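Q: Handing you this structure, nothing more for now.
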Amino acid sequence: MNIRRTAAFLLIASMLLALCGCNIIQVDEERDRAQVVATVDGQEIKKSEVLNLFDSYKSIYGITDEIEKNPTREQAESIKNIKLSLLDSLIEQKFIAYKVHEGGFDNYTDEQLKNVEAEIDDMINNYLESAREDAVERGEADPDKYAQEALEKLFADSDLSRQKLIDEQLVVEIGQENLREYSVKDVKADESEIEEKYASLLSEQQSYDTNSAAFQSDYLNGTTIVYAPANHAYYKHLLVVFTDEDKTAISDASGEKSDAQKKLDQTNEEIETLEEALDEAEDREKAEADIAELKEQAAQYE
């Protein structure tokens, strides 16, 4: 498997760029995302798959769009390591899928197939609903069409489909466990081997203190964690007890928010009505003033 990195800049180009102060190097984004960064058993992993996965996970690492655009040197190094870690995860996922199919561990029952199909359909529907909400905020004329096109673009960029997602989820949820059970059925570890493995993991994972991104990545990937860095802790359940006063305050705040939302919705409807009538209004300036006043009122409820 090969990871391709584009880092070739001609000296003369760099000099010209510095002199003219303009961007003479343009990246074909579509072509860049289509680069093959790894191959597993003939299956290609494209750069777009890594970037899409990174977009899904970056908020977990505290990476905002602004940080991604203008990172410090330390942040840039962290982003690079996260992307490489995600690439490793994709490679591992492809390899496991290959071993599952090769060993015949992909015989799924009708019930298992039905459950996974339902999971994927729920995920797709949630994405579509989120895209529709985004379309409404953008003022798109047809939110349903916008959402469907967004989904199709996501599938095209990631070389995915509903069936591919189902197949991959079957491997992750069932095939991988079938493979694991077969692989360890005759494996027995004595106490010394367990202690040796623990010591090895502990030694490796103490680096989490200086590389929190590796800790978060290993945790999300299901790696056995034996060492937690400073300021990190595991909680199985976290219970918060509210006093009667707290409950009353929460209830009152929820009611106030509900009333404010109703007023905001009503004001926005009035704004839309006035905007539709704006072109036909005889007194255009008065209509614009009314809209501006209503928008100021709406801002109080947001």
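Q: For a 20 Å ceiling on Cα separation, which of these pairs sit above it: K83/K145; K47/K69; K46/K83; K58/K80?
A: Long pairs (Cα-Cα over 20 Å): K83/K145.
Q: May I pose another question? What percentages make up the Cα-Cα pair-distance distribution of the stretch 102-187 when the bins are 10 Å wide from 0?
A: All Cα pairs, binned at 10 Å, distribute as 16, 35, 25, 15, 7, 2, 0 percent.
Q: Report, by chain and number, residues whose modeled amide H sits under 5 Å from the one on A38, excluding near sequence neighbours (fewer than 5 apart, same chain).
A: I45
Q: Quick one: what are the phi-derived ³J(HN,Hα) couplings along the stretch 54-61, Karplus 6.51/-1.76/1.60 with θ = phi - 60°, whole Hz, x for glycine and proline?
A: So the Karplus estimates, Gly and Pro as x, are 4, 4, 6, 9, 4, 5, 5, 8 Hz.
Q: Okay, next question. Applying the Karplus parametrisation 6.51 cos²θ - 1.76 cosθ + 1.60 with θ = phi - 60° to the phi angles of the stretch 240-252, what ³J(HN,Hα) value in whole Hz is obtained for each residue in order, glycine and proline being reported as x?
A: Each residue of the stretch 240-252 in turn: 10, 9, 9, 6, 4, 5, 4, 4, 5, 5, 5, 4, 5 Hz.
Q: Might you tell me the accessible area per residue for the stretch 154-221, computed with a 1.4 Å probe and given in Å²?
A: Ligands and nucleic acids excluded, the figure is 68 Å² per residue.
Q: I'd like to compare 49-57, 71-79: which one has the highest average count of other Cβ atoms within 10 Å, and what's the full order after that?
A: Most protected by this proxy first, the peptides run 49-57, 71-79.
Q: Taking only Cα atoms of the stretch 135-270, what ratio of Rg to Rh do you get with Rh as the Kirkwood inverse-distance radius?
A: When Rh is taken as the Kirkwood radius, the ratio is 1.15.
Q: When you count, for each residue, the other Cβ atoms within 10 Å and take the mean per peptide, how do 82-93, 159-170 rank with the highest first?
A: Per-residue Cβ counts within 10 Å, averaged per peptide and sorted highest first, yield 82-93, 159-170.
Q: Of L51, G139, T109, which is farthest along the charge dipole of the stretch 40-194 in the positive direction, counting Lys and Arg as +1 and Asp and Glu as -1 at C-beta?
A: The residue sitting most towards the positive pole is L51.
Q: On the full set of protein chains, 1.4 Å probe, figure out the accessible area of I60 and give it in Å² to the nearest 10.
A: Per-residue accessible area (I60): approximately 90 Å².
Q: Same structure, new question: With just the Cα atoms of the stretch 18-168, tell me how far they stretch along each of the three principal axes, in Å, largest first.
A: 65, 42, 28
Q: What share of Cα pairs, in percent, lie more than 15 angstrom apart in the stretch 69-134? Could the numbers behind the result be given before it?
A: Details: 1597 of 2145 pairs.
Result for the distance tail: 74 percent.
Q: So, with +1 on the Cβ of K and R and -1 on the Cβ of D and E, and no other charges, what is the size of the charge dipole of the stretch 98-231 about its Cα centre, to the nearest 20 debye? Before the final figure, lay out the partial values.
A: Numbers: 12 positive and 33 negative charges, 38 e Å.
Using Cβ point charges on Lys, Arg, Asp and Glu, the stretch 98-231 gives about 180 debye.
Q: Return one whole number: the accessible area per residue of the stretch 50-123 in Å², for a 1.4 Å probe.
A: Per residue, the stretch 50-123 has an accessible area of 63 Å².
The values are calculated or read from the model by the stated rules, or taken from the named source; none is laboratory data. Predicted model, so just to flag it, every value in this text is computed and none were measured. Please note: Cβ atoms are built from the backbone with ideal geometry, for glycine as well, and neighbour counts cover all protein chains shown. For accessibility, only protein heavy atoms count, side chains too; no ligands or nucleic acids. Shrake-Rupley method; radii C 1.70, N 1.55, O 1.52, S 1.80 Å.
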